[in-house]
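To start, the structure under review is shown below, and the notes come after it.
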Amino acid sequence: GPAVTLRTQCWIAAKMKLHKALRRHGSQVQRKLEIQGVGKIPDCFKVASLTGRITRRNVQLADETGGETANTSSVMSDNSIDDKSSMHLGLNHSEADRPVLEEGVVLFDNFDDQPESIPSLCIAVIGATGELARSKVFPALFALYYSGFLPQNVAIFGYSRKTLADEDLRSMIEANLTCRVDHHENCEEKLNEFLKRTYYVDAGHDNKDGMAKLNSKMAQIEGICAANRIFYLAVPQEALLDVALPLSDSAQTKHGWNRIIIEKPFGFTSLSSQRVTQSLLSRFEEKQIYRIDHLLGKDLIENLTVLRFSNLVFEPLWSRKYIRNVQVVFSEETSAETQGRYFGNYGIIRDIVHSHILQTIALFAMEPPVSLDGEDIRDEKVKVLRSIRKVDIEDVVLGQLKDASGDVDRYTKSMTPTYFAAAMYIDNARWDGVPFLIKTGMGLMENRAEIRIQFHHVPGNIYRERFGHDIDLDTNELVLRDLPEEAILLKVNNKVPGLGLQLDASELNLLYRDRY
């Protein structure tokens with residue numbers, strides 16, 4: 001009605017007056033900086049950068065007579081600080097030199113307008129010289145950089161106890177990088193750009209001092225414009241808290257957001273996992289903590305939901321009515337020896353089964369989520385995990401790889417399994433009676449990662465006699481494969497060309513290397 005329209009018009013007018021007041025105040029500050037500063041003012045100081053999250057408290061707008069005045073002493077960003085010291089625009093800057101209005105308005109909270117030389121994101125890889133960082137984390141960061149998924153102004157920091165220079169870290173990273181994103185393109189130029197953005201910090205023997213050094217170097221590279229920070233903790237579980245707690249005290253930025261990423265497994269037992277979680281939550285908010293299972297980022301896993309929920313030909317079949325069994329296979333040629341002390345302590349169940357495989361099964365078997373939001377998907381996965389039947393020991397096979405050197409005692413004394421196979425069941429309406437067959441191990445014949453879905457036989461199949469005595473020949477299968485090569489395979493029955501009636505089981509193959 002008219003009253004609603006009038007209120008809407010008043011609200012729009014108030015917003016416009018506030019915007020004009022902020023721009024006028026920003027112009028005054030810019031002129032002030034031009035007087036106080038030295039040299040050209042960086043773009044992040046300019047009025048155009050006043051586009052961050054600004055909250056309004058007690059802002060006095062113009063009265064009805066049309067006067068435009070605003071009390072900006074109460075306009076502030078979420079990240080404002082009380083710093084009335086003069087601002088310097090020289091080459092060396094400490095955290096106290098961050099550009100902050102005397103009235104408490106932080107000049108930037110949005111990094112889109114920053115000049116190219118100033119990073120808008122800093123990523124620190126803690127444990128930079130370890131196997132995980134060298135073989136997984138740095139190559140993944142380069143793939144993101146190459147594909148344009150990282151901000152243009154990004155800086156990468158390596159942190160470990162080894163004494164290295166920046167060039168040493170760059171050489172180590174370069175030795176493990178390939179153009180895995182696009183094998184047909186020369187990525188040398190992008191690679192050199194990426195390496196120029198990497199720096200190294202020697203942690204020494206005390207993480208508290210080491211984190212202070214890391215913070216100092218990050219602030220030096222960030223310069224006078226703030227940047228958000230991500231800390232990837234590529235460290236053994238026993239060292240997690242020794243790194244995370246000093247990090248929370250000495251390396252977090254006060255002028256942007258902070259995030260930490262930790263790798264599975266999250267503790268050795270349920271009790272130790274709870275202790276780790278409680279310790280982390282005493283220093284970080286839950287929204288700052290990202291627990292990562294790197295397998296979930298593979299196309300194999302992401303294709304599960306896409307294939308099921310976006311194809312009508314498959315979605316109705318996703319139940320016990322049509323599916324006979326589901327096989328989840330993760331095998332590696334790599335022996336346990338290459339995993340060193342980590343695998344010797346954890347074994348195949350903690351390393352693969354309770355993380356990679358259970359996550360895969362939960363994602364495969366979940367009900368349609370309300371949306372693709374992470375929390376909605378998590379809620380449906382939790383329902384699946386709660387419905388998994390307690391595993392019968394008769395349905396489990398454990399094995400242990402004999403050391404190639406003949407050292408049988410290395411893992412036998414600790415009873416560390418390197419092979420696991422089991423049949424699991426989900427007791428709910430959709431999957432009752434369908435076995436989920438798990439096979440995983442290290443030191444096996446080949447690298448293989450796939451999900452194989454076998455469908456029921458056609459009831460009363462009139463072509464049954466054409467298949468001879470092998471009844472499984474007429475079993476339709478859908479295979480989602482990541483290793484040895486990415487592919488989606490659909491096994492169907494068809495007639496062999498010719499005058500006779502001979503049936504054959506063929507595969508309709510989608511090979512990623514050929515299609516993409």
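The values are calculated or read from the model by the stated rules, or taken from the named source; none is laboratory data. If you're wondering where the values come from, they're calculated on a predicted model, not measured in any experiment. Ideal geometry is used to build each Cβ from the backbone, glycine not excepted, and the neighbour counts take in all protein chains shown.
Going by the structure shown, is Asp474 in contact (Cβ under 8 Å) with a residue 40 or more places away in the chain and either in the same structural domain as Leu317 (by TED's automatic domain parsing) or farther than 29 Å from Val384 by Cα (or both)? Talk me through it step by step, then tell me what you get.
Numbers: in contact (Cβ under 8 Å) with a residue 40 or more places away in the chain: no; either in the same structural domain as Leu317 (by TED's automatic domain parsing) or farther than 29 Å from Val384 by Cα (or both): yes.
No.
For Thr163, state whether it is touching a strand residue (DSSP E or B) at 6+ places or on another chain (Cβ under 6 Å), assigned by TED's automatic domain parsing to the domain that holds Lys136 and either in a helix (DSSP H, G or I) or hydroxyl-bearing (Ser, Thr, Tyr) (or both). Explain how you work it out, then say what you get.
Working: touching a strand residue (DSSP E or B) at 6+ places or on another chain (Cβ under 6 Å): yes; assigned by TED's automatic domain parsing to the domain that holds Lys136: yes; either in a helix (DSSP H, G or I) or hydroxyl-bearing (Ser, Thr, Tyr) (or both): yes.
Spelling it out, Thr163 is indeed touching a strand residue (DSSP E or B) at 6+ places or on another chain (Cβ under 6 Å), assigned by TED's automatic domain parsing to the domain that holds Lys136 and either in a helix (DSSP H, G or I) or hydroxyl-bearing (Ser, Thr, Tyr) (or both).
Determine the pairs where a residue that is crowded, with 17+ Cβ neighbours inside 10 Å, located within segment 359-373, has a partner that is not in a helix (DSSP H, G or I) with Cβ atoms under 6 Å apart, the partner being 6 or more residues away or on another chain.
Gln359/Asp293; Thr360/Val328; Ile361/Phe436; Ala365/Ile426; Ala365/Trp431
Taking segment 426-459 as the search range and keeping residues that are among the aliphatic types (A, V, I, L, M) and in a loop (DSSP other than H, G, I, E, B), which one is farthest from Ser387 (Cα to Cα)?
Here is the first cut: in segment 426-459, the residues among the aliphatic types (A, V, I, L, M) are 426, 429, 434, 437-438, 442, 444-445, 449, 451, 453, 458.
Restricting the remaining residues to those that are in a loop (DSSP other than H, G, I, E, B) gives 429, 434, 444-445, 458.
Details: Ala429: 10, Val434: 13, Leu444: 31, Met445: 33, Val458: 29 Å.
Looking at residues that are among the aliphatic types (A, V, I, L, M) and in a loop (DSSP other than H, G, I, E, B), I get Met445.
Taking the conditions exactly as written (surrounded by 15 or more Cβ atoms within 10 Å (Cβ to Cβ) and modelled with pLDDT of 80 or more), does Leu478 satisfy them or not? Spell out the reasoning first.
Working: surrounded by 15 or more Cβ atoms within 10 Å (Cβ to Cβ): yes; modelled with pLDDT of 80 or more: yes.
It is true that Leu478 is surrounded by 15 or more Cβ atoms within 10 Å (Cβ to Cβ) and modelled with pLDDT of 80 or more.
Select, from Val353, Val391, Val370, the only residue that is under 25 Å from Glu332 (Cβ atoms) and in a loop (DSSP other than H, G, I, E, B). Show your work before the answer.
On the way: Val353 fails: in a loop (DSSP other than H, G, I, E, B); Val370 fails: under 25 Å from Glu332 (Cβ atoms).
Answer to the check: Val391.
Just to verify a result, which residue in segment 412-425, among those that are outside any loop (DSSP other than H, G, I, E, B), farther than 26 Å from Glu302 by Cβ and of a type outside the set (Gly, Ala, Ser), is modelled with the lowest pLDDT?
Only one residue tops the list, namely Thr412.
Just checking, how many residues over segment 362-407 are more than 19 Å from the chain's Cα centre (by Cα), closer than 18 Å to Phe309 by Cα and among the β-branched types (Val, Ile, Thr)?
2
If you scan segment 481-504, which residues turn out to be within 23 Å of Asn311 (Cα to Cα), modelled with pLDDT under 85 and surrounded by 13 or more Cβ atoms within 10 Å (Cβ to Cβ)?
The one that is within 23 Å of Asn311 (Cα to Cα), modelled with pLDDT under 85 and surrounded by 13 or more Cβ atoms within 10 Å (Cβ to Cβ): Asn493.
Considering Val384, Val458, which residue is of a type in the set (Val, Ile, Thr), within 24 Å of Phe314 (Cβ to Cβ), at pLDDT 95 or above and surrounded by 13 or more Cβ atoms within 10 Å (Cβ to Cβ)?
Values: Val458 fails: at pLDDT 95 or above.
Exactly one residue qualifies, and that residue is Val384.
Residues are listed down the side, and each one gets a yes or a no for (1) modelled with pLDDT under 90; (2) in a helix (DSSP H, G or I); (3) basic (Lys, Arg):
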position	(1), (2), (3)
Asp113	yes, no, no
Pro119	yes, no, no
Ala124	no, no, no
Ala128	no, no, no
Ala133	no, yes, no
Pro139	no, yes, no
Gln152	yes, no, no
Phe157	no, no, no
Leu169	no, yes, no
